[in-house]
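For reference, the structure is listed below as structure tokens.
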Amino acid sequence: MGFKEIGKKIQMAREERGLTQVGLAHTLGITQAALSNYELGKRRLYFHQIEQIASVLGKRLDFFIQEENGKVSAPEAEGNERALHLVFERISRLGPQELRLLEGFLDYLKWRQDHASVK
């Protein structure tokens, strides 16, 4: 799932709560322009930011990252199962701070991948 889809869901949830961009941005401690860019999919969102937005808007995290078919968005797995198993095993040993860093890095890789095809 791309940032545009997440942004649309942020806008929808914000409007359901009767909040303006200015109001939500103030609550989140960001500028209205930053929130607008999130909603338009023009600015990268990190996992911890989506968590904060979900909390403020009273939504579950999966509301923002779940695709229309009900599956939670995840990078398509390429390679053998053994390699994936080892990666998941290593991830399971990370603490909360390291998981947030990893999520941010994965967001960056996805962003880079999306923008590499534009060139």
When residues of segment 45-60 are filtered for being surrounded by fewer than 16 Cβ atoms within 10 Å (Cβ to Cβ) and among the hydrophobic types (A, V, I, L, M, F, W, C), how many remain?
-> 1
Given (1) in a loop (DSSP other than H, G, I, E, B); (2) within 22 Å of Glu103 (Cβ to Cβ), number of the condition Asn37 does not satisfy = (1)
Name the residues in segment 91-102 that are surrounded by fewer than 10 Cβ atoms within 10 Å (Cβ to Cβ) and assigned to a helix (DSSP H, G or I), would you?
-> Ser92, Pro96, Gln97
Looking at (1) more than 13 Å from Gly2 (Cβ to Cβ); (2) modelled with pLDDT of 85 or more; (3) among the aromatic types (Phe, Trp, Tyr), find the lone condition where Phe47 falls short.
-> (2)
Among what's in segment 7-44 and is β-branched (Val, Ile, Thr) and within 15 Å of Ser55 (Cβ to Cβ), pick the residue that is surrounded by the most Cβ atoms within 10 Å (Cβ to Cβ).
-> Ile10
Considering Gln11, Gln21, which residue is over 22 Å from Leu102 (Cβ atoms) and in contact with a Leu (Cβ under 6 Å, 6 or more places away or on another chain)?
-> Gln21
How many residues does segment 60-119 contain that are within 30 Å of Glu16 (Cβ to Cβ), modelled with pLDDT under 70 and of a type outside the set (D, E, K, R)?
-> 6
Scan segment 20-48 and report the pairs whose first residue is more than 23 Å from Tyr108 (Cα to Cα) and whose second residue is polar (S, T, N, Q), with Cβ atoms within less than 8 Å and a gap of 6+ or a chain change.
-> Gln21/Gln32; Gln21/Ser36; Val22/Gln32
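The values are calculated or read from the model by the stated rules, or taken from the named source; none is laboratory data. Just so it is clear, the structure is predicted and the values come from calculations on it, not from any experiment. Cβ coordinates were reconstructed from backbone atoms using ideal geometry, including for glycine residues, and neighbour counts include every protein chain displayed.
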